[in-house]
Structures are given as C-alpha cells and as structure tokens.
Ligand code: 3HC
Ligand code: NAI
C-alpha cells in the first residue's frame with residue numbers, strides 16, 4: 001500500500017480505495033498499490049470479499065496519459081498492466097469493482113478483471129483510447145467482447161464512445177446499478193457474492209461464439225468513412241477480431257503488438273498533444289485560476305443573422321435567458337425562423353426532446369428595441385462587419401448597459417481597441433469570436449484588447465465552458481489567430497489554381513491530407529462575399545506590387561458567392577453537391593493569361609506544402625508576436641475552428657513533425673518560385689521565430705514565450 005491506494009476492512013469486506021486526484025489515473029504507484037492491497041486483502045482471513053473503489057469524483061479514468069511520451073522517448077520502460085489484471089482475476093476471493101464517474105481505458109480494463117462490477121447510475125464506462133491514437137492495451141479488446149458481445153466491443157474500442165450505467169448493465173458489462181451510496185451497495189453485493197464461485201471474464205466464451213463474422217468488415221468501412229486516415233480504429237477492430245479467433249493469451253499478445261504499433265505512431269503523439277492542448281488553453285499566465293468571475297445570468301445579443309442566431313442559441317442551450325435585437329421585423333423573423341428550424345431538426349434527429357426545444361425557445365426574447373438590455377450581464381454584438389457600425393452600436397450599448405456588464409464583439413477582423421474606444425469602459429470590452437455555425441462549432445476566440453480586464457477574460461473562459469465551447473485567448477491582431485492564418489492559406493490555394501492546378505486538384509489534395517474539406521470548398525461554404533467585404537475594408541493596407549489572387553473578386557462581382565448562390569469556385573446542385581465549373585476554369589485561365597502566368601502541372605505534394613507552410617509561417621508570426629500564448633493554442637484553434645485533422649495535431653504540431661528545417665527549406669523553394677512573380681520575399685520570408693527555431697533545432701511545441709520574456713530574450 002501507499003498513499004495512492006489504501007485498504008481498510010468494513011463489514012468483513014476489504015475496501016481498496018484508489019486516491020490519485022484528479023481522475024485516479026493509473027500513474028506510477030497506483031498499479032503497485034493495487035497489487036499490494038489486493039494481495040493483502042486476499043491473505044486476510046477476516047475479509048470475505050474485496051471491493052475496489054475510487055476516491056473523489058471518479059473510478060479510474062485510465063492509464064496516465066503523461067507517461068506515454070516517456071515510454072515512446074525511451075525515458076521509461078513500457079509496463080504492462082496484464083500481470084496485475086490476471087492476479088486480480090485469479091484472486092480466490094470475489095473482487096467487486098465499484099464504479100462511479102468514469103471507468104475509461106485502463107480503468108475499464110481493471111474493472112473487467114474483477115469478478116463483478118457494480119455501478120452508480122450516473123457513471124460511464126468506455127474504451128476511448130482511439131481518441132488518443134492508441135487501442136486498449138491491457139486486454140480491453142479481449143475481455144470486453146466476452147462481456148458485452150463482439151459487436152458492441154468493436155463499436156466501443158474502434159470509435160471510443162462510452163456507455164452509461166443502464167446500458168452497461170443491459171450489455172453485461174455491469175452486474176448491478178446501485179442507487180444511493182455506492183460503497184454501501186458494493187459491500188452488500190460483496191457479502192452476498194462471498195462464498196459463491198465467481199466468474200473470470202477471460203474464461204467466458206459464449207458471446208464470442210455469437211459474433212457475426214461480417215461485422216468486422218462493416219466496422220472497417222465505417223472507420224474508413226468516419227475516422228478517415230486514422231490507424232488506431234482499424235487496429236482496434238483487428239484486435240477485437242483476434243479475440244474471436246485466438247485463445248485469450250494469444251489475443252492479448254496480438255493486442256500488445258497492435259498497441260505498440262499505434263503508440264509509436266506520429267498519430268498518437270499528435271492526438272495526445274491535442275488532448276493536453278485542449279486542457280491547457282484555459283490556463284492563462286497572469287490570470288490565476290481563482291480570479292473572481294462575473295456571474296452571467298442574463299444575456300443580450302445584437303443581430304439575428306448567421307452568427308447572432310447561433311450565439312443566441314448558445315445562451316439558450318446553457319439555460320441563460322437571452323434577448324436578441326434586430327433592426328427590422330423581417331430580419332428578426334428570419335433569424336428566429338432559422339433558430340426554430342435548427343432546434344426542430346435536432347428534435348427530428350432524436351438529439352433533442354420537444355420539451356427541451358420549447359424550454360430553450362422560451363428563454364429567447366426577440367425584439368427591435370434595447371428594452372431589458374440594462375439587465376444583461378453580457379451583451380454580444382453580431383452586426384455586419386464594418387468599423388463605423390460597430391462603433392455606433394458600442395456607443396449605444398455603453399449608454400444602456402449596467403456597470404459590470406461585459407460588452408463582447410463577434411467581429412472577425414476588426415480592431416477591438418478601436419471598438420472599445422466608442423465606450424467609456426474599455427476594460428469591459430472583449431472579442432468573443434465564434435465560428436460558423438456558432439451553435440455547432442466548439443471554438444471561441446476570446447480577444448484581449450489592451451484594456452480588457454482580467455476578470456472579463458476569466459469570465460469569458462468560464463462562460464466558454466458553460467456554453468460547451470473551447471475558449472482560446474487571442475491577441476488583438478487583424479483576424480486574431482485563426483482568420484489571420486487563413487489568409488495566406490487561402491492565398492496559396494488561389495495562386496495554385498492560377499499556376500495550373502484545377503479547383504478540384506487543390507480541394508482533393510488537402511482533403512487527402514485530412515482536412516474536412518479543401519480550401520476552395522471551404523470558401524464556397526462560408527460564402528465568398530465574406531472575404532470580398534473584408535478585402536474592401538482593408539484595401540488601403542494592400543502593398544503595391546505584391547501579387548494578389550486574381551479571381552475571387554471577379555466571382556463575387558458576378559454574384560457567385562459559393563454554395564448559397566449555387567456557384568462559386570465550383571457549381572452546386574440542389575443538394576449542395578459540387579461539380580467542376582467550366583466557367584470558373586475559363587475565368588482562372590483568362591486571369592492567368594492576362595497576368596502572364598505560365599501554367600504548369602502541379603503535384604498534390606506541392607499543393608499541400610504550399611498551403612500548409614503558408615499557414616504555419618503565419619502561425620509562427622502569430623506566436624512570435626504573442627498573439628497566441630502557445631503553439632498548442634494555435635493548434636486548438638485549427639482543430640476546433642477549421643476542422644484540421646486531430647491526428648495531425650494541428651498546424652504547428654504538424655510542422656514540428658515534418659521538422660522545421662525541412663519546412664524552411666521548402667519555403668525557400670517557394671520563395672524562389674514566387675520571385676518570378678516579384679513577390680518572393682513578401683510572401684515567403686520566414687517568420688523570425690520559425691527561422692530561429694529551425695536554426696537552433698527547436699520546435700514550436702516546446703517554445704515557451706513566457707519564459708523567454710521573463711529571461712529578457
Ligand atoms: N492521464 C493523465 N491525466 C489525465 C487523464 C489521464 N488518463 N485524464 C484526465 N487527466 C487530467 C487532465 O489533463 C486534466 O488535467 P489539468 O487539470 O491539469 O488540466 C485533469 O485530469 C482533469 O481532466 P478534464 O479537464 O478532462 O476533466 P473532465 O472532468 O472534463 O473529464 C475525463 C474527465 C472524462 C476523465 C477526461 O479527462 C478524459 O476523458 N480523460 C481521458 C480518458 C482516457 O482517454 N483514458 C484512456 C487512457 S489510455 C489507457 O488507459 C490505455 C490503456 O488501455 C492501457
Ligand atoms: P449577417 O449579415 O448574417 O447578420 C448581421 C445581422 O445584423 C443582420 O441580420 C442585420 O440586420 C443585423 N444588424 C445590423 N445592424 C444592426 C443593429 N444596429 N442592431 C441590430 N441588428 C443589426 O452577418 P454575420 O455573418 O452574422 O456576421 C456578423 C458578425 O459576425 C460580423 O462581424 C462578422 O464578421 C462576424 N463573423 C461572421 C462569421 C461568418 O462565418 N459569417 C464567422 C465569425 C464572425
């Protein structure tokens with residue numbers, strides 16, 4: 001025993017308690033403590049049976065994910081949990097696993113080695129390892145099919161979704177659901193089980209025999225579709241399949257082989273990076289965890305357009321009453337109709353109960369006036385993008401809002417400080433930049449103006465969580481983090497079509513890389529008019545002589561705004577299915593001819609590298625200038641706001657995996673090529689941070705700006 005695992009006797013039952021906050025991960029010391037406690041309890045004549053339970057909020061949430069990196073780097077040997085689990089299963093006294101919170105990954109694997117599992121009604125069990133790019137590594141793929149059946153085991157191991165307590169009971173993963181005190185229930189269960197022969201999961205065969213052999217191929221096809229490009233889901237299916245073909249020990253050996261293959265893959269490093277990156281974003285240097293936050297009880301939204309409608313839904317979904325204001329009844333009705341349609345579609349798909357829809361709608365007050373705005377704790381502005389209008393709106397709300405009310409703008413590109421200057425309370429002004437559709441996308445960029453108060457930022461972070469978003473702090477630069485980086489990415493996509501690639505080539509290359517859609521398809525989805533309006537707003541900042549894309553403005557002048565008008569870079573049918581548009585192709589060729597661009601064949605590799613390294617280079621500027629706190633924050637922005645493939649870890653992590661020296665060398669090739677158009681230096685000069693890290697063998701992931709600032713670098 002050690003301080004991580006304790007043992008006491010209660011009612012002739014040995015109670016083994018794991019206490020490794022916050023989530024009782026199987027960190028070094030925990031498996032050892034478990035082993036010693038079980039052995040001691042087994043040897044104690046006063047103990048009839050053994051209950052294993054987690055202290056605090058959960059049972060065991062899995063292996064300690066921080067340890068994987070140490071194993072892969074060779075710093076630590078890989079320790080298998082299998083011998084411990086066999087010892088538990090072979091214990092002469094019945095071992096009852098008492099589950100609350102989550103029994104995930106190694107946690108469920110420990111639980112399945114017990115003879116019985118009792119579970120609290122709110123608990124969940126699952127094998128989410130695939131989300132980290134690995135598979136269960138302690139016989140999860142062998143014991144779960146024996147308990148839950150092969151089909152369910154494939155589903156849980158390959159797709160990673162957990163099941164709740166009632167389903168776990170129905171499946172045979174759990175033996176009883178305990179309402180009320182879990183430990184008392186577990187002890188009562190243990191006393192009854194004592195003296196009876198107790199089942200070993202690994203000896204169960206019945207559910208393995210019932211398996212439909214075709215289910216594995218069906219699962220592989222599903223994984224190819226919904227987990228495109230990922231290794232782990234396929235490995236998990238292979239591992240469960242071997243449970244049906246091999247004896248338990250050989251199945252475990254096969255699982256271990258597949259586990260190692262996944263663990264040492266770049267994909268798992270990337271997904272583990274993404275796991276910690278998402279949990280790191282809310283930690284803001286200089287804003288301690290206990291910074292007081294404002295309570296958000298009532299909200300108001302200005303503008304019921306594309307974004308305002310989604311933002312309104314976010315508040316209603318979180319149970320916060322919200323007023324939404326428009327300038328005309330027509331716009332208000334249109335906005336509310338879309339909100340209703342969105343909710344109704346969730347009800348139709350079975351994702352929302354009708355009563356919940358009605359309740360959420362009842363929290364929304366649509367109106368044309370500022371009535372009630374003086375009661376709001378936050379006012380979120382989502383009117384058209386234009387500085388004059390934003391300033392006018394902020395001056396109006398400044399006159400109405402109560403002291404302590406947060407004033408948030410959803411601007412995509414505009415200067416938060418200038419917007420704040422229209423108020424007498426710049427410390428209360430902040431950017432809350434949602435991503436479209438705002439009620440779906442999880443990213444929220446929280447933009448810090450020069451006067452924004454710490455309490456406003458801390459509240460914004462807490463609010464993001466409440467709205468089920470991931471809040472990422474961004475500095476006040478044009479386009480903040482995400483959109484600023486997107487500009488050169490989209491620029492290269494357009495240059496590539498001018499130089500000889502087709503629209504389809506560009507989209508396909510980035511889709512094959514793993515993006516949810518190609519850059520030009522994304523522009524068509526977002527609406528080409530959005531960028532057009534922004535280009536007009538910032539026209540005065542364009543540097544003369546620097547190459548700019550030729551065709552996007554022309555498409556907009558022709559009224560081709562993308563999917564919403566049926567034509568943009570591509571043509572769209574009534575189901576929004578794209579097809580190549582010869583008119584676009586002709587326009588591109590004509591533009592290239594007029595600009596004297598010689599068209600040539602372009603490889604998918606060049607397409608990917610040019611688009612991504614342009615993105616990464618801008619990311620290096622963003623990081624070097626302190627607009628993002630950490631490279632990982634940029635990755636979180638791209639994973640959650642732009643559907644960058646999580647198994648690549650995000651753009652900055654991806655660049656690290658390519659190697660910054662390689663990135664730099666490739667950029668130099670592109671600089672030389674772009675020099676033909678007179679813009680090599682302007683478009684492809686490496687960001688100083690990228691240059692420095694490449695020269696010193698550093699990585700974005702390990703770059704710590706705070707440390708450098710503190711050291712006066
Ligand atoms: N290892 C190490 N740290 C972990 C961890 C784990 N398995 N699970 C969570 N943590 C840490 C988080 O990083 C976070 O740390 P922080 O406070 O310093 O940021 C803290 O615990 C709390 O986590 P969350 O913020 O995520 O808390 P939530 O309450 O929102 O969620 C959870 C809890 C559902 C358990 C969620 O953390 C989770 O899904 N964890 C991962 C579970 C998992 O993937 N388990 C499988 C691991 S791999 C494995 O077991 C291999 C085996 O087969 C051998
Ligand atoms: P939109 O055109 O769909 O909606 C704007 C709405 O604001 C219109 O319904 C308009 O009637 C209303 N409005 C204008 N002035 C108003 C006023 N004084 N009071 C009340 N309502 C007023 O525009 P969208 O796309 O929703 O954009 C809104 C803001 O969100 C812009 O700043 C935009 O840059 C930003 N944004 C847009 C994203 C997108 O993908 N569309 C993504 C992220 C941010």
- Query: Restricting attention to the stretch 218-234, does a residue exist that is under 17 Å from residue 82 (Cα atoms) and within 29 Å of the chain's Cα centre (by Cα)?
  - Reply: no
- Task: Return yes or no: is residue 684 surrounded by 16 or more Cβ atoms within 10 Å (Cβ to Cβ), within 20 Å of residue 488 (Cα to Cα) and touching a helix residue (DSSP H, G or I) at 6+ places or on another chain (Cβ under 9 Å)?
- Result: yes
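Do you know which residues across the stretch 591-605 are part of a helix (DSSP H, G or I) and within 20 Å of residue 678 (Cα to Cα)?
Taking the stretch 591-605 first, the residues part of a helix (DSSP H, G or I) are 591-594, 604-605.
Across the stretch 591-605, the qualifying residues are 591, 592, 593, 594.
Given the criteria buried (at least 22 other Cβ atoms within 10 Å of the Cβ) and more than 16 Å from ligand 2 (Cβ to nearest atom), does residue 110 qualify?
Details: buried (at least 22 other Cβ atoms within 10 Å of the Cβ): yes; more than 16 Å from ligand 2 (Cβ to nearest atom): yes.
Yes.
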- Message: Against the definition (closer than 22 Å to residue 494 by Cα and touching a strand residue (DSSP E or B) at 6+ places or on another chain (Cβ under 7 Å)), how does residue 678 come out, yes or no?
- Response: no
- Query: If you scan the stretch 577-592, which residues turn out to be touching a residue at least 60 places away in the same chain (Cβ under 8 Å) and out of contact with any helix residue (DSSP H, G or I) (no Cβ under 7 Å at 6 or more places or on another chain)?
  - Reply: 581, 585
- Message: Can you list residue pairs whose Cβ atoms sit under 6 Å apart, with the first residue in the stretch 19-40 being modelled with pLDDT of 95 or more and the second being part of a helix (DSSP H, G or I) and within 12 Å of ligand 1 (Cβ to nearest atom)? Count only pairs 6 or more apart in sequence or on different chains.
- Response: 20/30; 26/106; 31/84; 35/84
- Is there a residue being surrounded by 22 or more Cβ atoms within 10 Å (Cβ to Cβ), within 16 Å of ligand 2 (Cβ to nearest atom), under 28 Å from residue 635 (Cα atoms) and modelled with pLDDT of 95 or more anywhere in the stretch 393-407? yes
- Message: Within the stretch 160-173, take every residue that is in contact (Cβ under 8 Å) with a residue 24 or more places away in the chain and part of a helix (DSSP H, G or I) and give me the one that is surrounded by the most Cβ atoms within 10 Å (Cβ to Cβ).
- Response: 168
- Filter result for residue 486 (closer than 17 Å to residue 618 by Cβ, within 16 Å of ligand 2 (Cβ to nearest atom), assigned to a helix (DSSP H, G or I) and more than 21 Å from the chain's Cα centre (by Cα)): no
- Task: Being closer than 27 Å to residue 188 by Cα and crowded, with 22+ Cβ neighbours inside 10 Å is the filter here, so list the residues in the stretch 54-73 that pass it.
- Result: 54, 58, 59, 60, 61, 62
- Query: Can you pull out the residues in the stretch 209-233 that are surrounded by 18 or more Cβ atoms within 10 Å (Cβ to Cβ) and modelled with pLDDT under 95?
  - Reply: 211
- Message: Condition (residue is surrounded by fewer than 16 Cβ atoms within 10 Å (Cβ to Cβ), out of contact with any helix residue (DSSP H, G or I) (no Cβ under 6 Å at 6 or more places or on another chain) and either modelled with pLDDT under 95 or farther than 24 Å from residue 514 by Cα (or both)) applied to the stretch 653-662: is it met by at least one residue?
- Response: no
- Query: Residues of the stretch 174-192 being out of contact with any strand residue (DSSP E or B) (no Cβ under 6 Å at 6 or more places or on another chain) and either in a loop (DSSP other than H, G, I, E, B) or under 30 Å from residue 244 (Cβ atoms) (or both), which ones?
  - Reply: 179, 180, 181
- State whether one or more residues within the stretch 127-139 are more than 25 Å from the chain's Cα centre (by Cα), away from ligand 1 (no atom under 16 Å from the Cβ) and closer than 21 Å to residue 243 by Cα. no
- Please note which helices (runs of 4 or more DSSP H) are completely contained in the stretch 256-348 and include at least 1 residues that are within 16 Å of ligand 2 (Cβ to nearest atom), surrounded by fewer than 23 Cβ atoms within 10 Å (Cβ to Cβ) and at pLDDT 95 or above. 329-348
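What are the residues in the stretch 358-380 that are assigned to a helix (DSSP H, G or I) and surrounded by 18 or more Cβ atoms within 10 Å (Cβ to Cβ), if any?
Here is the first cut: in the stretch 358-380, the residues assigned to a helix (DSSP H, G or I) are 358-362, 373-375.
Residues satisfying the conditions are 360, 373.
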- Looking only at the stretch 42-67, count how many residues are under 18 Å from residue 141 (Cβ atoms) and out of contact with any helix residue (DSSP H, G or I) (no Cβ under 6 Å at 6 or more places or on another chain). 0
- Can you tell which of 355, 401, 395 is away from ligand 1 (no atom under 16 Å from the Cβ) and without any contact (Cβ under 8 Å) to a residue 24 or more places away in the chain? 355
- Message: Could you go through the stretch 595-602 and let me know if any residue there is under 31 Å from the mean Cα position of the chain (by Cα) and at negative phi.
- Response: no
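Each row is one residue, and each column tells you yes or no for (1) assigned to a loop (DSSP other than H, G, I, E, B); (2) surrounded by fewer than 17 Cβ atoms within 10 Å (Cβ to Cβ).
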{"residue": "411", "(1), (2)": "yes, no"}
{"residue": "418", "(1), (2)": "no, yes"}
{"residue": "424", "(1), (2)": "yes, yes"}
{"residue": "430", "(1), (2)": "no, no"}
{"residue": "433", "(1), (2)": "no, no"}
{"residue": "437", "(1), (2)": "yes, yes"}
{"residue": "440", "(1), (2)": "yes, yes"}
{"residue": "452", "(1), (2)": "yes, no"}
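The values are calculated or read from the model by the stated rules, or taken from the named source; none is laboratory data. Everything numeric here is computed off the predicted structure, so don't read it as measured data. Reconstructed Cβ throughout: ideal geometry from the backbone, glycine too, with neighbour counts over all protein chains shown.
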